[in-house]
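Notes for the one structure printed next.
The values are calculated or read from the model by the stated rules, or taken from the named source; none is laboratory data. Only a predicted model underlies this, so the values are computations on that prediction, with no experimental measurement involved. Heads up, the Cβs are rebuilt from the backbone with ideal geometry, glycines too, and the neighbour counts pull from every protein chain shown.
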Amino acid sequence: MPETMTVDYDGLIPNNVGLNDDPRVKKALETWHPGYIDWWKTMGPEGFQESLVYLRTAIGVDPEGWAKFGFVRMPEYRWGILLAPAIAGRTIPFGAHKGEPVWQEVPGEYRAMLRRLIVIQGDTEPASVEQQRHLGATAPSLYDLRNLFQVNVEEGRHLWAMVYLLHKYFGRDGREEADDLLRRRSGDRDTPRMLGAFNEATPDWLSFFMFTFFTDRDGKMQLAALAQSGFDPLSRTCRFMLTEEAHHMFVGDSGISRTIQRTCEAMRAAGIADPSDIVRVRARGVIDLPTIQKKLNLHFSLTLDLFGNEISTNAANAFNAGLKGRYREDKLTDDHQLLNDTYPVLRPVAGEIRTELVPALSALNMRLRDDYVADCASGVRRWNALVEKLGISFRFTLPHVAFNRRIGEFAAIHADPEGNVLDAATWQARRGAWLPDAADGDFIASLMRPESAPGKYAAWIAPPRAGIDNQPGDFEYVRVER
Ligand code: BYC
Ligand code: FE
Ligand code: FE
């Protein structure tokens, strides 16, 4: 097998980048390693550090059979540095350098821009682990508990992926950035994580599923854009990260589906036809559909902020430089330079929301966000098909992109989920109808009691259709140390 397909598991840091032949980087990573383990033990999953967890570990990077399953204590997980195979003769796919051979070293003129992109990407990975660290205490099943931990260790690996690039290609300031990635803390007043949504709480399992559906999907879009990069090491690392991201979104999508399923089944069993009869639905011990919609509204709008400003010179510069492309850039059939193109952008003008054509280069964040919204919509369609199949009359919708925004064109205005502009007083009076309030949070929290018997599920969520790695229904995915 070619050297890049198999992973060397002999040393402290599993890798397919030939770390043994690169003593400087090997040393730097081995020096960073104890701080990482320390971070994992103090900021990673609370209460389960000694438990044996049925986890998958990457043992190769070829599409078939890269995963190996087995019981591992999380601090002993083999976080590796894995790059997708190089593509021979690859050229820069877009921007001013389109058609030139891809870079194997950092182009000096773009060093700062590239480092910033890598640091921002790297910062989100440990942030999500921190946000989710208390969830183990209330897991609805051992199956879900295991999936949480799988997502967590892979986000840890994604941090390793960015830290490798910083150590290998950015010398001393790369080392400092790598140290800072372990220093910032989600939600901390003095040293918060870099992007808004990564400082929010993930208080309950419905939030976790919404986060992995909506926010990990931003991860997918951003990684897909960075996978197009002319800086080949970044492209290759993001390509492999994307294969892991698929599971994170599966956890979110299926978790939300199972929650909806259980609610609809309970409504049918109790003869409740009206989804807005919240009191009766909640009395069945399931989460009413309007509250699920509110959670959706919250996580969707928080995640839209992660796309930055609709109109952004940062994004234009990164594209021009060949560092960050569009979603599926290599499948698009325009000139990949966009110098004369325009793109429609939504913005508030004189109290209403209008579409304006702006130079396409400056609208790349908006474009990626549009692709993201379309991707989210397919999940919502599946949930609605499920609700219909279960005989309940209710439709989930994605709120308007102007709803509840803090970044970009809509940060200055208030809008309802249909995109009607509201004055501040109306927004304040009505926001509780659209976003979860304290009472909703308390109700959901009241359902969050752990279920730790193999094959058993909390009453608010349906069991999954199949086990992980084809394991039977009563498989003990996590052996909790008592
Ligand atoms: N919060 O020109 P603009 C994932 C700042 S998720 C705070 O619009 P740009 C994952 C911005 O930094 C994917 N600040 O920005 C998911 C800039 O500041 P400076 C993460 C914000 O650069 C789940 C200023 O506003 N990866 O992997 O075009 C679990 C002007 O903004 C925010 C990436 O994001 C915000 N939301 O766009 C685990 C990819 N938005 O520089 C993991 C890398 C903007 O003027 N990042 N600002 O001081 C990027 O591509 C871009 O930095 C962004 C922002 C898309 C984030
Ligand atoms: Fe990630
Ligand atoms: Fe993820």
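Of everything in segment 326-362 that's closer than 30 Å to Leu422 by Cβ and among the small types (Gly, Ala, Ser), which residue is surrounded by the fewest Cβ atoms within 10 Å (Cβ to Cβ)? Out of the qualifying residues, it is Ala350. Being within 16 Å of ligand 1 (Cβ to nearest atom) and more than 29 Å from Gly473 (Cβ to Cβ) holds for only one residue in Gly80, Gly122, Gly108, and it is Gly122.
Evaluating Phe198 against the criteria (1) within 16 Å of ligand 3 (Cβ to nearest atom); (2) farther than 23 Å from Thr259 by Cβ; (3) assigned to a loop (DSSP other than H, G, I, E, B) leaves one unmet condition, (3). Note on segment 33-55: among residues that are surrounded by 19 or more Cβ atoms within 10 Å (Cβ to Cβ) and of a type in the set (Gly, Ala, Ser), the one that is farthest from Pro450 (Cα to Cα) is Gly44.
For segment 96-148, filtered to residues that are within 14 Å of ligand 2 (Cβ to nearest atom) and polar (S, T, N, Q), the residue that is nearest to Thr237 (Cα to Cα) is Gln121. Annotation: of all residues in segment 6-26 being among the β-branched types (Val, Ile, Thr) and touching a helix residue (DSSP H, G or I) at 6+ places or on another chain (Cβ under 9 Å), the one that is surrounded by the most Cβ atoms within 10 Å (Cβ to Cβ) is Val17. Checking every residue in segment 147-156 against the condition of being away from ligand 3 (no atom under 14 Å from the Cβ), at negative phi and at pLDDT 95 or above gives zero matches. Listed conditions (1) outside any helix (DSSP H, G or I); (2) buried (at least 24 other Cβ atoms within 10 Å of the Cβ) are all met by Ala273, apart from (2). Quick one: would you say Leu226 is farther than 30 Å from Gln293 by Cβ, near ligand 1 (Cβ under 8 Å from one of its atoms) and of a type outside the set (Asp, Glu)? Spelling it out, Leu226 is indeed farther than 30 Å from Gln293 by Cβ, near ligand 1 (Cβ under 8 Å from one of its atoms) and of a type outside the set (Asp, Glu). Could you please find all residues in segment 1-53 being among the acidic types (Asp, Glu) and either farther than 25 Å from Val478 by Cβ or under 24 Å from the mean Cα position of the chain (by Cα) (or both)? Once the filter is applied, which keeps residues that are among the acidic types (Asp, Glu) and either farther than 25 Å from Val478 by Cβ or under 24 Å from the mean Cα position of the chain (by Cα) (or both), segment 1-53 yields Glu3, Asp8, Asp10, Asp21, Asp22, Glu30, Asp38, Glu46. His247 satisfies every condition listed in (1) more than 13 Å from ligand 2 (Cβ to nearest atom); (2) within 22 Å of Leu302 (Cα to Cα); (3) of a type outside the set (A, V, I, L, M, F, W, C) except (1). For Ile392, the criteria (1) in contact (Cβ under 8 Å) with a residue 24 or more places away in the chain; (2) within 22 Å of Gly432 (Cα to Cα); (3) more than 21 Å from the chain's Cα centre (by Cα) hold in every case but one, which is (2).
Comparison of Ser235, Ser229 shows that the only residue that is buried (at least 18 other Cβ atoms within 10 Å of the Cβ), within 30 Å of Leu55 (Cα to Cα), within 21 Å of the chain's Cα centre (by Cα) and of a type in the set (S, T, N, Q) is Ser235.
Between Glu100, Glu30, the distinction of being of a type outside the set (Phe, Trp, Tyr) and touching a residue at least 24 places away in the same chain (Cβ under 8 Å) belongs to Glu100 only.
Report yes if some residue within segment 30-46 is of a type outside the set (A, V, I, L, M), part of a loop (DSSP other than H, G, I, E, B), in contact with a Gly (Cβ under 9 Å, 6 or more places away or on another chain) and over 18 Å from Glu155 (Cα atoms); otherwise report no. No - not one qualifying residue is present in segment 30-46. For segment 240-250: of the residues being away from ligand 1 (no atom under 11 Å from the Cβ) and touching a residue at least 60 places away in the same chain (Cβ under 8 Å), which is nearest to Ala161 (Cα to Cα)? Per the stated criteria, the residue is Phe240.
Could you please let me know if Thr57 is more than 22 Å from the chain's Cα centre (by Cα) and at pLDDT below 95? When the stated conditions are applied, Thr57 does not pass them. Considering only residues of segment 110-128 that are away from ligand 3 (no atom under 16 Å from the Cβ) and in contact (Cβ under 8 Å) with a residue 24 or more places away in the chain, which is surrounded by the fewest Cβ atoms within 10 Å (Cβ to Cβ)? In this case the residue turns out to be Arg111. For segment 56-68, state whether one or more residues are over 23 Å from Asp469 (Cβ atoms) and surrounded by fewer than 16 Cβ atoms within 10 Å (Cβ to Cβ). Among the residues of segment 56-68, not one is over 23 Å from Asp469 (Cβ atoms) and surrounded by fewer than 16 Cβ atoms within 10 Å (Cβ to Cβ), which makes the answer no.
Of the residues Thr259, Thr291, Thr237, the single one that is within 16 Å of ligand 2 (Cβ to nearest atom), in contact (Cβ under 8 Å) with a residue 40 or more places away in the chain and not in a loop (DSSP other than H, G, I, E, B) is Thr237. Those helices (runs of 4 or more DSSP H) of segment 90-194 in which 2 or more residues are of a type in the set (A, V, I, L, M, F, W, C) and out of contact with any Leu (no Cβ under 6 Å at 6 or more places or on another chain) occupy 111-131, 142-169. Taken as a whole, the structure places Lys68 among residues that are under 24 Å from Leu148 (Cβ atoms), without any contact (Cβ under 8 Å) to a residue 60 or more places away in the chain and in a strand (DSSP E or B). Looking at Arg367, Arg405, just one residue is out of contact with any Leu (no Cβ under 9 Å at 6 or more places or on another chain), at pLDDT 95 or above and not aliphatic (A, V, I, L, M), and that residue is Arg367.
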